[in-house]
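A quick write-up on the structure given underneath.
The values are calculated or read from the model by the stated rules, or taken from the named source; none is laboratory data. The model shown is predicted, which means the values in this text are computed figures rather than measured ones. Counting neighbours? That spans all protein chains shown, and the Cβs are built from the backbone with ideal geometry, glycine included. Accessible surface is based on the protein model in full, side chains and every heavy atom, while ligands, DNA and RNA are left aside. Shrake-Rupley method; radii C 1.70, N 1.55, O 1.52, S 1.80 Å.
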Amino acid sequence: MSYDPEVAARVRQALADQAGVAEKKMVGGGLSFLVNGNMCCGVRGQALMVRVGADGRQQALDEPHVRPMLLGGRALSGFISVEPAGIVADDALTRWVRRGLDVAAGLPAKPDR
């Protein structure tokens, strides 16, 4: 599954003031956004993937338009997927991206490869 370039452009805009951001294509055609080498969010199809951490996963899943992030049919413990209806408004998308940034910022930076 590839990613929607319009959603990716909106994520780029939400991350415009953040230092240390990099983009990386994912297996399956998605696009991930990394901060200091740690994934904070990504785009897969029209959905937004967000790193919420294992502790924040259930709270995120209780919100509208959110489902578990699946990889190979298995749910990833620290990530969720926000359906397109949950990111229609720019402020909603920005809130989710910031949530992923908060989690990624708490992780040690990964060395450049």
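Restricting VAL52, VAL35 to those that are β-branched (Val, Ile, Thr), touching a Leu at 6+ places or on another chain (Cβ under 7 Å) and closer than 13 Å to ASP102 by Cβ reduces the list to VAL35.
Is it the case that some residue within segment 94-110 is within 14 Å of the chain's Cα centre (by Cα), of a type in the set (Ser, Thr, Tyr) and at pLDDT 95 or above? Looking for residues that are within 14 Å of the chain's Cα centre (by Cα), of a type in the set (Ser, Thr, Tyr) and at pLDDT 95 or above, one finds at least one in segment 94-110, hence yes.
Here GLY73 fulfils each of the conditions (1) on the phi < 0 side of the Ramachandran plot; (2) without any contact (Cβ under 8 Å) to a residue 40 or more places away in the chain apart from (1).
When only residues in segment 23-77 that are among the polar types (S, T, N, Q) and part of a strand (DSSP E or B) count, which is nearest to the chain's Cα centre (by Cα)? Among them, the one singled out is SER32. For segment 1-13, filtering for residues that are part of a loop (DSSP other than H, G, I, E, B) and either buried (at least 22 other Cβ atoms within 10 Å of the Cβ) or at pLDDT 95 or above (or both) leaves 1. Taking the criterion of being surrounded by 12 or more Cβ atoms within 10 Å (Cβ to Cβ), within 17 Å of THR94 (Cβ to Cβ) and free of Cβ contacts under 8 Å to residues at least 24 places away in the same chain, the only residue of segment 14-30 that qualifies is VAL21. Taken over segment 55-72, the criterion of being open to solvent by less than 70 Å² (accessible area, probe 1.4 Å) and either more than 20 Å from ARG10 (Cβ to Cβ) or not acidic (Asp, Glu) (or both) is satisfied by GLY56, ARG57, ALA60, LEU61, VAL66, PRO68, MET69.
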